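> Attaching a single structure in structure tokens format; questions to follow.
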Amino acid sequence: MFRTCLEDCEKSGCVGEMCFQHCKFSSDGKPIDGPWYLQEPLYQKWKQWDCRSDCRYHCMIAREEQRWKLGGKPIKYHGKWPFQRVYAIQEPAAVVFSAISLAIQFHGWLSFFILLNYKLPLRPDKKTYYEYTGLFHIYAILAMNFWFWSAVCHTRDVELTEKLDYSSAVALVGFSFILTILRTFDVRDEASRVMVAAPLIAFVMTHILYLNFYKLDYGNSVYESLISYPELFSYRFVLVSFITNPDLFAGLNTKVCMAMGVANLLIWGVWAGITSHPSRWKVWLFNVVGTIALLLEIYDFPPYKGFIDAHALWHAANIPLAYISWSFVRDDAVFRTSTLIKKTK
């Protein structure tokens, strides 16, 4: 029924009583049965809602209304849940949460920069005592880059914005994994850092190339499996399924990011258990919130009222994660600086 609606819409330019002016133009923007001045104004074309996109959206909404009246549950269309648009924004909740995370990342990085350069003592050569300054600057750039493209992609997910979103996410997760290893194992020698980072950077870059030039492989079929058999759901079921049958969790990208994310949490958890760092409790807090965020990525569910789904809640969970992580980084910089100054005296 959805496909029939889509075919009819692309021919007639209408879904029910709603018709779209830009369906009177071909894909290259040339008018089919009207003068040039009927085309959509340039200042509105940023939305990128062409005829096919509008037909897909309104056919999806119409079909979901029919399913709801018959007692059916939401399903995915072209791999996406049915969201309600707000001012041409495709997933408004995810966009808002991404923007907030971007702001917190910027604030965290700025406060980290001010702390190191204006509040803590510097070495005689004007460099910071903290050995991981450069690494956390790179992390901040990658984090802000990811949240920016996340907001853009959830505003309108065309092929370009989707690739930029997934590529920047993989880059951030991969670098976070490298940073986790270097900090928890206290790797300070440059040669050792290169030996640790080089193979991981190669792996991450290969995966990004795979996503961009071979297959944008993503997805999560857990919900589709459980929605038919809801009595099977338990966190034990999800965990055992992830271990014994990872294909249940669909795309390769999900597996790669999940593996690095779980490894991050485990390494930091072990480190917090054996260290005497005064802010280790923040690592434990980060791990608790991070685990909840991972569960939201594993157990996918449709958007409530067409706005907030599991992925949107994952975006929301990353807001406190960003604040906690930068709070720990600042504490770590103070702790390491004071320790090194004491050793030099």
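> Pull out the extension gain between residue 17 and residue 252, defined as 0.36 nm times the separation in residues minus the alpha carbon to alpha carbon distance; nm, one decimal.
80.4 nm
> Across region 94-109, in residue order, what do the Karplus-derived ³J(HN,Hα) couplings come to in whole Hz, using 6.51 cos²θ - 1.76 cosθ + 1.60 with θ = phi - 60° and x for Gly and Pro?
5, 5, 4, 5, 5, 5, 5, 4, 4, 5, 5, 4, 5, 5, x, 5
> Taking the simple approach of a point 7 Å from Cα along Cα-to-Cβ for both residue 4 and residue 209, what is their distance in nm?
Label at residue 4, label at residue 209, 4.8 nm between them.
> Follow-up. Write down Rg/Rh for region 52-210, rounded to two decimals, with Rg from the C-alpha atoms and Rh from the Kirkwood relation over Cα pairs.
Answer for region 52-210: 1.13.
> Something else: Taking 0.36 nm per intervening residue step and subtracting the Cα-Cα distance, what contour gain separates residue 78 from residue 66 on full extension?
Extra length available between residue 78 and residue 66 comes to 2.5 nm.
> Measure out, as a whole number of angstrom, how far apart the alpha-carbon centroids of region 289-338 and region 1-17 sit.
Result: 40 Å between the Cα centres.
> For the peptides 161-170, 289-298, what is the packing order when you average, over each peptide's residues, the other Cβ atoms within 10 Å and list the highest mean first?
161-170, 289-298
> Taking a virtual spin label 7 Å from the Cα of residue 88 along the C-beta vector, which residues in region 136-160 bring their backbone nitrogen under 14 Å of it?
It comes to 155-158, nothing else.
> Right, another one. At a 10 angstrom cut-off on C-beta neighbours, averaged per residue, how do the peptides 93-100, 334-341 rank from highest to lowest?
The most tightly packed comes first, giving 93-100, 334-341.
> Same structure again: Which pairs, out of 282/342; 163/282; 11/69; 73/282; 126/163; 119/282, put more than 30 Å between their alpha-carbon atoms?
Result: 163/282; 73/282; 126/163 exceed 30 Å.
> Expressed as a whole number of Å, what is the distance separating the alpha-carbon centroids of region 52-116 and region 137-193?
21
> If R0 is 25 Å, what FRET efficiency do you get for residue 341 and residue 106 from their C-beta distance, rounded to 0.05?
0.30
> Working with all protein chains in place, sort 1, 144 by solvent-accessible area computed with a 1.4 Å probe, largest first.
The ranking, largest first, comes out as 1, 144.
> Keeping all protein chains in the complex and leaving out DNA, RNA and ligands, what accessible area do you get for residue 86 with a 1.4 Å probe, in Å² to the nearest 10?
Residue 86 exposes around 50 Å² with every protein chain in place.
> Oh, and also: If I stretch the segment between residue 190 and residue 266 completely, what's the gain in nm (0.36 nm per residue apart, minus their alpha carbon distance), one decimal?
Stretched fully, the residue 190-residue 266 segment lengthens by 24.9 nm.
> Let me ask you something else. Report the far tail of the P(r) of region 151-192, meaning the percent of Cα-Cα pairs longer than 15 Å.
Looking at region 151-192, the distances longer than 15 Å represent 56 percent of pairs.
The values are calculated or read from the model by the stated rules, or taken from the named source; none is laboratory data. What you see is a predicted model, and the numbers here were worked out from it, not measured in a lab. Reconstructed Cβ throughout: ideal geometry from the backbone, glycine too, with neighbour counts over all protein chains shown. Just so you know, the surface numbers come from the protein's heavy atoms only, side chains and all, with ligands and any DNA or RNA stripped out. Shrake-Rupley method; radii C 1.70, N 1.55, O 1.52, S 1.80 Å.
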